[in-house]
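First comes the structure, then the notes that go with it.
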Protein chains: 2
Amino acid sequence: MTAPDRERRAASSAAAAAGAQIQRRRRQRGMSQAELARRTGLSKATLSQLEAGAGNPTIDTLDAIAVALSIPLTDLLTRDASPGTVHLPATAASDEGPTRELLRRISGGHSLELWRLRLPAHTSVDGVPHAPGTVEHLLVASGRLVAGPADDSRPLKTGDLLAFAGDAPHAYRTEDVPADVTVVIASPAVG
Amino acid sequence: MTAPDRERRAASSAAAAAGAQIQRRRRQRGMSQAELARRTGLSKATLSQLEAGAGNPTIDTLDAIAVALSIPLTDLLTRDASPGTVHLPATAASDEGPTRELLRRISGGHSLELWRLRLPAHTSVDGVPHAPGTVEHLLVASGRLVAGPADDSRPLKTGDLLAFAGDAPHAYRTEDVPADVTVVIASPAVG
DNA sequence: ACCATTCGTTCACTATAACGAACGAATCCT
DNA sequence: AGGATTCGTTCGTTATAGTGAACGAATGGT
């Protein structure tokens, strides 16, 4: 890469986005730059410049930060906004004939993770906030639970679908019955 | 970061994984290192070392490569889900404590559809072949069925996950018990 | 056979990412 | 108030990511 090329890319969205992301996640955890510096083994100077969007971090630097923040490396490279909560109650199964029902469609540019979440009765689990723009889908395979964003959680039963923003604090909680839940996480990718 | 720290991380999985990923995607496109160097504006030397897993690229370098390969930046940092058919049998639920299990990860650039498929007993349904590159995921919420590509279908029970290429002919078939299946269809974004 | 390309690698050099140290501004104690 | 921390920033220095040139090996044309 030539020097001019590098300059032209200096204000590159990738580096700036990563910087913003680092700052956001750090503050989310009530962590100071100094403390993050201690945990990562990086210098305060480096973090300061990165968060200012001025830097061009190496993959090792980003990895160290991701580890210290307990998030996947890729979460530092994703961005943007989040939708509202959608609750689709289970529909009655028809007695005869197979049914095919479209629950939800999300348009392009997403990465995808499928998780299985098993909760015994009377259990509460906090969800790890994901990258901004991440949408989380809960499909209740069996049981009951209360789940969703901290400020808008819903009671769910077998067959229900709940979609909500995965970048805000959220939690799953069972009461008298255990729950078996499939979680589909769709994250927008930076291209 | 101190010098010893850096050395210790030299064989870091993050850098090595990125290197492997770069090589894989480049070859997939029948592109030589030299040509990728031209398109990215990077030197051949840099690419050679990165693919060898020896490097520690900056975010700008990775971004340039991602752009040249027309893939989201995050794809360079992600292990791709294996392309073939994958069958993940249900795991036993632990008696105590919640379990969180990553079933599958698919890198960016996908649109997403969630379907619910309900099959009465003794029913057979042909799946519509989707666009090339589409991956279909079956999550068995309850019951049993035999499903998958026409030439490689598998018996599935409650809790199983089956992933297979959705662009080939495939079918779902129940025997003595009905089945309730969540289908996640990931299609590569157009463009 | 020969020369011309193109490939991926290695090496010395240059540009720069990350560092350590010092700074002023806030905040919290006596 | 005064001293002690802790914060985030800025500075000069050091370690290293990326460069350009040269290399041997492989391929293609004449």
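A:G55 falls short on exactly one of the conditions (1) part of a loop (DSSP other than H, G, I, E, B); (2) within 14 Å of another protein chain (Cβ to nearest Cβ); (3) within 23 Å of A:V135 (Cα to Cα), and that condition is (3). If you go through segment B:163-182 and keep only what is surrounded by 22 or more Cβ atoms within 10 Å (Cβ to Cβ) and not in a loop (DSSP other than H, G, I, E, B), you end up with B:A163, B:F164, B:H170, B:Y172, B:A179, B:D180, B:V181, B:T182.
Of the residues making up segment B:128-154, those that are of a type in the set (G, A, S), more than 10 Å from chain A (Cβ to nearest Cβ) and without any contact (Cβ under 8 Å) to a residue 60 or more places away in the chain number 6. Of the residues making up segment B:35-48, those that are more than 7 Å from DNA strand D (Cβ to nearest atom) and either at the interface with chain A (Cβ under 7 Å from one of its Cβ atoms) or surrounded by fewer than 22 Cβ atoms within 10 Å (Cβ to Cβ) (or both) are B:E35, B:A37, B:R38, B:R39, B:T40, B:S48.
Restricting attention to segment B:108-123, the residues that are among the polar types (S, T, N, Q) and either more than 30 Å from B:L73 (Cβ to Cβ) or touching a helix residue (DSSP H, G or I) at 6+ places or on another chain (Cβ under 7 Å) (or both) add up to 1. Out of A:R100, A:R29, one residue alone is in the same structural domain as A:S153 (by TED's automatic domain parsing), more than 14 Å from DNA strand C (Cβ to nearest atom) and at pLDDT below 90. It is A:R100. For segment A:12-49, which residues satisfy the criterion of being in a helix (DSSP H, G or I) and charged (D, E, K, R)? Passing the criteria: A:R24, A:R25, A:R26, A:R27, A:E35, A:R38, A:R39, A:K44. Just to be sure, is A:S124 within 16 Å of DNA strand D (Cβ to nearest atom) and at the interface with chain B (Cβ under 9 Å from one of its Cβ atoms)? It is false that A:S124 is within 16 Å of DNA strand D (Cβ to nearest atom) and at the interface with chain B (Cβ under 9 Å from one of its Cβ atoms).
The values are calculated or read from the model by the stated rules, or taken from the named source; none is laboratory data. Source: prediction; values computed, not measured. Positions of Cβ are backbone-derived with ideal geometry, glycine not excepted, and every protein chain shown enters the neighbour counts.
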